[in-house]
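Note sheet for the following structure.
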Amino acid sequence: MDYVPHTEEDQKQMMKTIGIGSIEELFIDIPGKYWLRRLLDLPPALSEQETFQIMNNIGSQNIIADFCLMGAGAYYHYVPAVVRHVISRCEFYTAYTPYQAEISQGILQAIYEYQTMIARLTGMQVANASMYDGASAMAEAAVLAAKTLNRTRIVVIRSIHPEYREVVRTYAWANGYEVIETGYNATGQLDKEDLKSAVDDNTAAVLVQSPNFFGVIEDIAAIEQVVHGSGALLVAGFTEATSLGILKPAGEMGADFVVGEGQAFGNPLNFGGPYLGILASMDKFLRKIPGRLAGATVDKDGRRGFVLTLQTREQHIRREKATSNICSNEALCALAAAVYLVSMGKNLKKLAILNIQKAQYLKKKLSAIPGWETVFPGPTYNEFTICCPDPHLVNKKLQDKGIVGGYDLSESYPELEGCLLFCATEMIKSEDIDDVVSIIAG
Amino acid sequence: MKLIFEKSCPGRSASGIPACDVPDCKVEEVIDQKLLRENVDLPEVAEVDLVRHYMQLSRRNFGVDIGFYPLGSCTMKYSPKVHEETASLSGFTALHPYAPADFVQGALKLMYEMRQYLSEICGMADFTLQPAAGAHGELTGIMIFKKYFEKKGEKRTKILIPDAAHGTNPASGALCGFQVVEVLSNTEGDIDIGHLKELMSEETAGLMLTNPNTLGLFERDIEEIAAIVHDRGGLLYCDGANMNALMGVARPGDMGFDVIHLNLHKTFSAPHGCGGPGSGPLGVKAHLVDFLPIPRIVKDGDRYEWSQDYPDTIGRIKSFYGNFNVMVKAYTYIRSVGPEGLKRTAEMAVLNANYIKERLKPYFRLPYDRACMHECVFSVERQAKESGVHASDIAKRLIDYGIHPPTIYFPLIVPEAMMIEPTETESRDTLDAFCDTMIVIAGEAKEYPERIKAAPLTTPVKRLDEVLAARKPDVCWHK
């Protein structure tokens, strides 16, 4: 079925108004040799009912895990009912970017509130209305730093999410920048000496992530001087947004930009997307940061209202001088995040603590299995790295019981052969953890 | 209206956290105090306050489900509700991106077939679904240009972009290190072939062309354009934002385009969510397939898997695989409308735009008077000269009549531009009501210009001071 409302009579009358005798005449500007004189080779049209059944069938070819011990950049959290309820309002989800402010006050105010909450959580003065995801937010911050400082070296810590590093490399390559990777130490935190030797006066940005990909929390304040001493900018990332509820904000530890994945704030796993990139910065970068910004102003009667502001930063004005080309963002995901954060309120800290407690329990139980050993002694949030005799077999056993196991770190870190990255959120129950242990032992 | 922060009251809460069922542990013993924060400064409201706050906000917003939304270049078609239902199935929403391949065969199959469908629709060899939005697709496409010439060992430093192009095009070119060179349009709204010939050199990577272009016109010289670009070793990029005009009618791949990005949130009926999430798949011809981002899905018998093994890839441009949930909606759309439906979609989108063009032509200046495709571009120049009523005034007046304004002041080559894209989902009644309103406004512009300049009068706020917003930015609330 198509969704065209025209009756035959409508079509006839409209053609008459236009002055054409056939629909083909509308396409006379397309050279005849390019006319597709056949139907597209696609499956035939379906009624709504049939469509739904087919989609339901495809959906059920996927196996929904009983629970998930996998984090690694995508986190399984409870989403309060209010989130879905709000983002299902058609006034929000069927609107375009709020170009016409007077009929877009709803989303503009919601985004202004989102920006404020993100700024508070990250310890920054400014947050934008969202980026595509955590990885592209990090890459764009790096590119922005390089363009701003007119330097070409970007230093990334090896303990950053492997896919984030890949995205940074792609963006850096396209812009002609060099990416230098520095290591981590036995605690699982970044190697400060290695970092020191990599940072030079051509370094635009140092990228770090906390918690890092091994789940270890970094001491960002400890590297602030190394980075700023060389005139570079410090880009601090995170993969797990709920950690912001308990960890000291990077903005209070000297970061110039905070970038990260906001999925954990009220957005389902969705097989990897859509998620939302969080990007926050110090005030001095306000006129440079990519993406959209909602700003408060007044109308001609002096009433408070909101507009998309500082649009001169945006590609559609600056065009070839742009430092970013982002246009569409992840507004509805940002709205979900905003609703989630309002719903959580002060409880975000309690939730974060619960995540730590669950992960500590899982860590304790797993490391008690003979031959299992935690790898990094550094402090962790809801993920940790553990070494075991046969990671492949472990994941296979869990998979057979309908459980998504840990992330096999040897895929991205050959030196971490035998190591799995596990995650426990508030969704894991105590008995689930006990089950996991007996499945592995069995 | 109050901000959520202004409604906050210490001690209120809209959520509860489950009791801890594992042995308690002191956070300070796990994480050094210096790495911990003291307080979380978020609003404290009850659930009912939260819901009313966002319901009030929603009532201050306008979506396609509320009324006509002819925002040019944005293809604001009605999105069938079944898309929302299928995309909400837990079989899609609950999948972890790193779940074992055995758990996600349905998702991989959907993505694999989506690539095939889009390839067939556009006449391309393959697609990547990784880009998160149209501009992201563009960036990916131009990265592929760059990689292609790197591989060939050719140093090409420039990229050609028409003066009518979307603003993202030059930005995408610049972000891949290309010098952006503007190609002029001619008086009929086509690209100036002479100028293109002059500019297209061995130093030029190629041309980014929107077809139909942003004037809503089909580039009639496409065959010659492709030949000029290809003869000098360049590549031809198609900004597919306007693909709604062509589906099932003609294929960019057949016209010589090497690369195309699509906007699933425009052409393929996924709603735009106030500015995202979108999805910007990128299609390429066979000679560029090796450069596509990784990972890519491979099919082995009946089984689907991810593969990373493509040494010439540009790399990864996003974490995971793209905006999967948006793909589910677009896939649902393609399956439900089928090949006849896609063709009829394009035909009726073009019929609707031409209908508006004909009805409004006597009242507004039509800078390029020829058959348009899915959108038509008028100029308000006459009204501006005669009575000082500008495109932005007419836009604001339309709001008072319950209609979302068209795109204004774009494309840049048309002064006082008004770009109207009705889409195929709008009935003749809706189009007539819109045209009648525009005609009334054209009359008002002559007789009561002050009324238009005062618009909108029916909205919760009147015209907002954008200059103040930019001069004294307030993007974060402080007590």
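The values are calculated or read from the model by the stated rules, or taken from the named source; none is laboratory data. Remember, it's a predicted structure, so these values are computed and weren't measured experimentally. Note that we place each Cβ from the backbone using ideal geometry, even for glycine, and neighbour counts take in every protein chain shown.
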Number of positions in the stretch B:44-71 that are over 15 Å from the mean Cα position of the chain (by Cα), more than 7 Å from every other protein chain (Cβ to nearest Cβ), part of a loop (DSSP other than H, G, I, E, B) and buried (at least 18 other Cβ atoms within 10 Å of the Cβ): 1
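Each row is one residue, and each column tells you yes or no for (1) over 30 Å from B:ILE222 (Cα atoms); (2) over 40 Å from the mean Cα position of the chain (by Cα); (3) assigned by TED's automatic domain parsing to the domain that holds A:ALA241.
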residue: A:LYS12; (1), (2), (3): yes, yes, no
residue: A:THR17; (1), (2), (3): no, yes, no
residue: A:GLY21; (1), (2), (3): no, yes, no
residue: A:ILE30; (1), (2), (3): no, yes, no
residue: A:GLN49; (1), (2), (3): yes, no, no
residue: A:MET55; (1), (2), (3): yes, no, no
residue: A:ALA72; (1), (2), (3): yes, no, no
Residues to consider are B:GLU29, B:GLU84, B:GLU6; find the one that is more than 33 Å from the chain's Cα centre (by Cα), under 25 Å from A:PRO98 (Cα atoms) and not in a loop (DSSP other than H, G, I, E, B). B:GLU6
Say whether the condition of being more than 10 Å from chain A (Cβ to nearest Cβ), of a type outside the set (Val, Ile, Thr) and either surrounded by fewer than 24 Cβ atoms within 10 Å (Cβ to Cβ) or farther than 30 Å from B:GLY341 by Cβ (or both) is met by at least one residue in the stretch B:396-407. yes
Qualifying residue in the stretch B:394-406 (condition: in contact with a strand residue (DSSP E or B) (Cβ under 7 Å, 6 or more places away or on another chain), among the aromatic types (Phe, Trp, Tyr) and assigned to a loop (DSSP other than H, G, I, E, B)): no
Checking B:GLY106 against (1) touching a helix residue (DSSP H, G or I) at 6+ places or on another chain (Cβ under 6 Å); (2) at the interface with chain A (Cβ under 9 Å from one of its Cβ atoms); (3) touching a residue at least 60 places away in the same chain (Cβ under 8 Å), the condition it does not meet: (3)
Residue tally, condition over 30 Å from A:GLN11 (Cβ atoms), within 13 Å of chain A (Cβ to nearest Cβ) and free of Cβ contacts under 8 Å to residues at least 40 places away in the same chain, over the stretch B:425-479: 17
Subset tally (residues that are more than 9 Å from every other protein chain (Cβ to nearest Cβ) and in contact (Cβ under 8 Å) with a residue 24 or more places away in the chain) for the stretch B:354-374: 7
Exactly one condition in (1) crowded, with 24+ Cβ neighbours inside 10 Å; (2) free of Cβ contacts under 8 Å to residues at least 40 places away in the same chain is false for B:GLN383; which is it? (2)
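Results for (1) modelled with pLDDT under 95; (2) within 11 Å of chain A (Cβ to nearest Cβ); (3) surrounded by fewer than 24 Cβ atoms within 10 Å (Cβ to Cβ), shown as yes or no for each residue.
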{"position": "B:GLY273", "(1), (2), (3)": "no, yes, no"}
{"position": "B:PRO281", "(1), (2), (3)": "no, no, no"}
{"position": "B:VAL284", "(1), (2), (3)": "no, no, no"}
{"position": "B:PRO311", "(1), (2), (3)": "no, no, yes"}
{"position": "B:VAL328", "(1), (2), (3)": "no, yes, no"}
{"position": "B:TYR333", "(1), (2), (3)": "no, yes, no"}
{"position": "B:MET348", "(1), (2), (3)": "no, yes, no"}
{"position": "B:ASN352", "(1), (2), (3)": "no, yes, no"}
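Per-residue answers, yes or no, for (1) under 20 Å from the mean Cα position of the chain (by Cα); (2) of a type in the set (D, E, K, R); (3) more than 30 Å from A:LEU69 (Cβ to Cβ):
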position: B:SER73; (1), (2), (3): yes, no, yes
position: B:GLN116; (1), (2), (3): no, no, yes
position: B:ILE121; (1), (2), (3): yes, no, yes
position: B:LYS147; (1), (2), (3): no, yes, yes
Looking at A:GLY245, is it surrounded by 18 or more Cβ atoms within 10 Å (Cβ to Cβ), within 14 Å of another protein chain (Cβ to nearest Cβ), modelled with pLDDT of 95 or more and closer than 22 Å to A:ILE386 by Cβ? no
Could you name every one of the helices (runs of 4 or more DSSP H) located completely within the stretch A:25-129 that has at least 3 residues being facing chain B (nearest Cβ under 7 Å) and within 20 Å of B:VAL328 (Cβ to Cβ)? A:48-60, A:90-93
Within the stretch B:224-261, work out how many residues are assigned to a loop (DSSP other than H, G, I, E, B) and within 13 Å of chain A (Cβ to nearest Cβ). 7
